[in-house]
Each structure stands twice: as C-alpha cells, then as structure tokens.
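Okay, structure first, notes after.
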Amino acid sequence: MTTFSQRAAFQKLLARHLPGTFPALSICVIHRGAMVWQDAWGWIDPESQNLRVTIDSLFDLASVTKLIVETSFLVLAETGAIGLDNRLVEVLPEFGRLNPRAIAGGQDPHTRRLLPVEAPFGGMTVDPSAVTFRHLLTHTSGLPPWRAVYLAAADRPPPPPTHVSSYDGARWRKGLSTMVEFPFAGTIGDTVRYSDIGIMLLGEAVARLHGGRLDQAVDDLTLKPLGLASFTYNPMLNGAARDGIVPTELDNHWRQRRAWGEVHDENACGVGGIAGHAGLFATAQDVARFGHAWLSGAERLRISASMRQMATSRQATGQFSLGLGWMLKAETDSSAGDLYSARSYGHTGFTGTSLWIDPQRDLVSAVLTNRVYRGRHEDGIHAFRRALHDFIVEAIEA
C-alpha cells in the first residue's frame, strides 16, 4: 500500500500521537475489496509494557456500537417486522405512559450538571407517542442527548467483571423504567440532537422485536450473518482474556477503578454492559469488514440497495448531517480528513474509535484507539484522525 517515504510519513504522525494521545492503536483498511493495511501499535499496559497490542486485541467501540444496533433494526424493517414510520410506543408502550411530557434541559455527560431549557421551549410539552423509529435513527426525536441512567439503574456500580460474572438484566430493566419517562430536550423533528437515550430505546425495541436480549438480537440479525466473530458485549463474561482487551479510563468518579474488560460508558456499564448506544468490543479487522459489507451491499447484510442509499444519504441536519444512523462527512473539519470524498459516511466513538467509508474510492478504514486512557479531554484525537485519513487516501493513490 505504501512506499518507503509514505511509511516514514506515517511513523512521523504516529510518533506525534503514540503514546501521548493514546497508548494503543489498531488500523484496518480495505480498498477495492482487498485488505491493504492491517497493523497494531502500542501497549495494553503502557506503564509496565508487558502486553503488546495486536491485530486481535479487542477495543471498546463506544458509539460505533450504534451502527450495529441500527443495522439490526434496518434488517428487521426489511423483513416487514417494523417500519421506519411506526411509532416507538407500538413496541415500547410504556414510553407513552407519561403524556404529555415536559421539555427540560438534559444533563452534561462529563460534569453531570443539569442543563437549562433551550430558549424556544420553555413551558412547552411533547406528546411522546409521536416519536417514530425514523426520529430515533436520525436523532430528531427531541429526546435528551444524555441523562445519568446509570445512577437510576442501581445503588452502586457493578463489581469488576470476571469470567464467572453473569448478566440477569435487572439493571437494564430498572434503568429503562426511568428512561421511558425522561423529559424531552426539544420538540419532535425540530433538529438533529444527537441522543444516546434515543438509541438506548431503539436497542430495547430491537430486542423486543427479535424476541430476547439485545446481544442475542444483534448476533442473529447482523454479526453472525456477516461472520464478525470478534464483536461482543461484556467480553470477559463471554470468555475473552483480559490481557487481550484494551483498557480505557481510570474512573475515579463512580467505579473507582480503571475500565478494563468492561465498557467505558457509564450508562452502558450501569445497565449491565448491553445497550444500544455503547458496549460492543471488537477488532479493527471486523469493524472494517462490517463497513465493507455496507459499501459492497453484501447479500449477507440483508439490507436492500434502496435502504442502503437512504441510510447513507442526508435525512436530517442540525448538530450533524445524518442518514439513518450513519454520520455524513462534514464539509469542513471532518474527522474523515479533507481527502475523503463528500459522499463519505461513518461514525466515531468517544473512546477514540472510528469507521469511515468512501464509496467514491471503494475505501473503508477502521481506526481504533483508547484515547480516554489518561482522561476524557480531547488531547489530539481529532487532529490524528484527520491526518491519518488524509494519509490513507494519499497512500492508496500514490
């Protein structure tokens, strides 16, 4: 894929960010159907440096999880089990129980501070029964971006994960009972307001429509048909060795331990590790293979060309431009860099993960890091993503 000079340029870029921006990195690039670059750098244990990151290391995907859950919903829609414009209350009737619903200000996910009501919405209410699945997929439901579900789900954090831990769903059920009554942050359909809460509810709908738990649903609907064996919720509960899982942040706020072998996101962790918005772990290779299934229209994806076109073209704008779950490349300052085409689509994850697809170049890039290892400040990840994606395009076109 690269000439010597290009490899030297990448090493220069890598040296600027490893280990400062992140201590672990794994990349997989697929171009014209062939895997042209796969490698991993850094340490799972950067202080002692006994465990090297490999291409088989599992990374916490954070919000890249949403793509798997949203794809699973679209598979259900293609079977006729549900429609984009069906209402959420048809599957989750309890979501309409408190009606009308007040508009409040949401909550900051980092400081946990309650936010003021947006100026146009003071004193207004919302009919929750009007929220459709299309609203959830395009983040136009009006639901709050974030609320502290993990504090409602249980009185204390879960214990550190082990291979003999179990999942009984009790935390999820308690968290859900609170989520379905959260006040809205705006009116339905007014703008894109990126909402973890909305995708958590979408995940519950996928589970109910399929019959069973969400992890089982995404396995049956998306992961197993595509042969993506590394994807897993709660990796240690499902047999993964802790030494093969890349750790994330030292949580001094709630868990009082480093998140290692468990999901970084507090809400996903607090409800038991299985959620629609976060919780999946995987290798870069499998994330790239998932992206290529979308790009190529793989039969095993079970999503029609017309649905793929709709999902990857502009359906809503606001905080972001979105298709159905997929983020579209911004005109300026995109994490996909300057050289990926305007038709590109993808998603990022808060832990430092991303998947970007450029249909014009028949190009897929999965870039996984643990940029929150030393804390959740920005500290260079956006600049790294932009520079790396530009490097990838330059390398394949050299």
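The values are calculated or read from the model by the stated rules, or taken from the named source; none is laboratory data. As the structure is a prediction and not an experimental result, all values here were calculated from the model. Neighbour counts are summed over all protein chains in view; Cβ atoms, including those assigned to glycine, are modelled from backbone coordinates with ideal geometry. SASA here: full protein model, heavy atoms, side chains in, ligands and nucleic acids out. Shrake-Rupley method; radii C 1.70, N 1.55, O 1.52, S 1.80 Å.
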Single residue of ARG314, ARG308, ARG289, ARG343 found to be touching a helix residue (DSSP H, G or I) at 6+ places or on another chain (Cβ under 8 Å), among the basic types (Lys, Arg) and farther than 28 Å from VAL246 by Cβ: ARG308
Filtering region 212-250 down to residues that are open to solvent by 50 Å² or more (accessible area, probe 1.4 Å) and in contact with a helix residue (DSSP H, G or I) (Cβ under 8 Å, 6 or more places away or on another chain) yields ARG213, GLN216, ASP220, ALA229
Can you name every residue in region 83-103 that is touching a residue at least 40 places away in the same chain (Cβ under 8 Å) and either in a loop (DSSP other than H, G, I, E, B) or not aliphatic (A, V, I, L, M) (or both)? GLY83, LEU84, ASP85, ASN86, ARG87, VAL91, LEU92, GLU94, PHE95, ARG97, LEU98, ARG101
For GLY80, which of the numbered conditions (1) free of Cβ contacts under 8 Å to residues at least 60 places away in the same chain; (2) in contact with a helix residue (DSSP H, G or I) (Cβ under 8 Å, 6 or more places away or on another chain) fails to hold? (2)
Pairs with Cβ under 8 Å, 6+ apart, first in region 43-59 and open to solvent by less than 40 Å² (accessible area, probe 1.4 Å), second of a type in the set (D, E, K, R) and part of a strand (DSSP E or B): ILE44/ARG52
Taking region 199-246 only, how many residues are over 16 Å from THR79 (Cβ atoms) and among the hydrophobic types (A, V, I, L, M, F, W, C)? 16
Would region 123-134 turn up any residue that is closer than 20 Å to LEU202 by Cα, polar (S, T, N, Q) and at pLDDT 95 or above? yes
